[in-house]
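Report on one structure; see the data block that follows.
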Amino acid sequence: MTAEESHAQAERIRAFMKQYGWGLWAVEVKGGAPFIGFVGLARPGDDLPCSPCVEIGWRLAAAHWGNGYAAEAARAALACAFDKLHLPEVVSFTAENNQPSRRVMERIGMHFDGETFLHPRLPAGHPLQKHVLYR
């Protein structure tokens with residue numbers, strides 16, 4: 001993302017959180033990096049085959065991958081989803097070849113039942129277009 005796109009996304013996240021009281025939370029490393037990315041809950045667009053739904057997702061800076069931060073924060077987000085918000089289901093999806101995110105989904109107890117879809121916001125033939133859905 002460009003800096004402008006990143007700032008626009010941050011503003012959309014803030015507006016969603018203000019409206020609903022939950023969303024994508026900033027992640028920091030205690031005693032370390034003040035901001036390494038975000039993890040949390042979102043409502044993806046209506047153009048996805050799993051919609052309407054609540055999605056758990058994460059995006060961390062590459063320098064912080066492989067340390068368990070995504071799974072730790074995602075477990076806290078799932079606890080919020082089920083224990084505080086009383087949601088009946090949370091989904092997650094990623095590009096089929098994104099093995100690191102798929103491993104996080106499995107570590108936090110999500111299951112892949114074989115459901116895949118072509119992401120409607122990616123052009124036909126894009127290498128990341130085929131997505132897998134975890135519940």
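The values are calculated or read from the model by the stated rules, or taken from the named source; none is laboratory data. Given the structure is predicted, the values throughout are model-derived calculations rather than measurements. Note: ideal-geometry Cβ built from the backbone for every residue, glycine included; neighbour counts use all protein chains shown. Heads up: the accessible areas ignore ligands, DNA and RNA and are worked out on the full protein's heavy atoms, side chains in. Shrake-Rupley method; radii C 1.70, N 1.55, O 1.52, S 1.80 Å.
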### Message
Out of 67, 97, I need the residue that is loosely packed, with under 14 Cβ neighbours inside 10 Å and either among the basic types (Lys, Arg) or within 21 Å of residue 133 (Cβ to Cβ) (or both). Which one?
### Response
97
#### Entry: residue 122 being surrounded by 11 or more Cβ atoms within 10 Å (Cβ to Cβ) and within 21 Å of residue 15 (Cβ to Cβ)
no
### Summary
The residue that is farthest from residue 132 (Cα to Cα), considering only those in the range 100-118 that are part of a loop (DSSP other than H, G, I, E, B) and open to solvent by 30 Å² or more (accessible area, probe 1.4 Å), is 109
### Query
Would you pick out the residues in the range 23-46 that are closer than 22 Å to residue 101 by Cα, assigned to a loop (DSSP other than H, G, I, E, B) and open to solvent by 50 Å² or more (accessible area, probe 1.4 Å)?
28, 35, 43
### Message
With the structure loaded, tell me whether residue 135 is of a type in the set (D, E, K, R), open to solvent by 60 Å² or more (accessible area, probe 1.4 Å), touching a strand residue (DSSP E or B) at 6+ places or on another chain (Cβ under 9 Å) and within 20 Å of residue 53 (Cβ to Cβ) or whether it fails that test.
### Response
yes
#### Entry: Residue check, residue 20 without any contact (Cβ under 8 Å) to a residue 12 or more places away in the chain and either over 27 Å from residue 117 (Cα atoms) or open to solvent by less than 30 Å² (accessible area, probe 1.4 Å) (or both)
yes
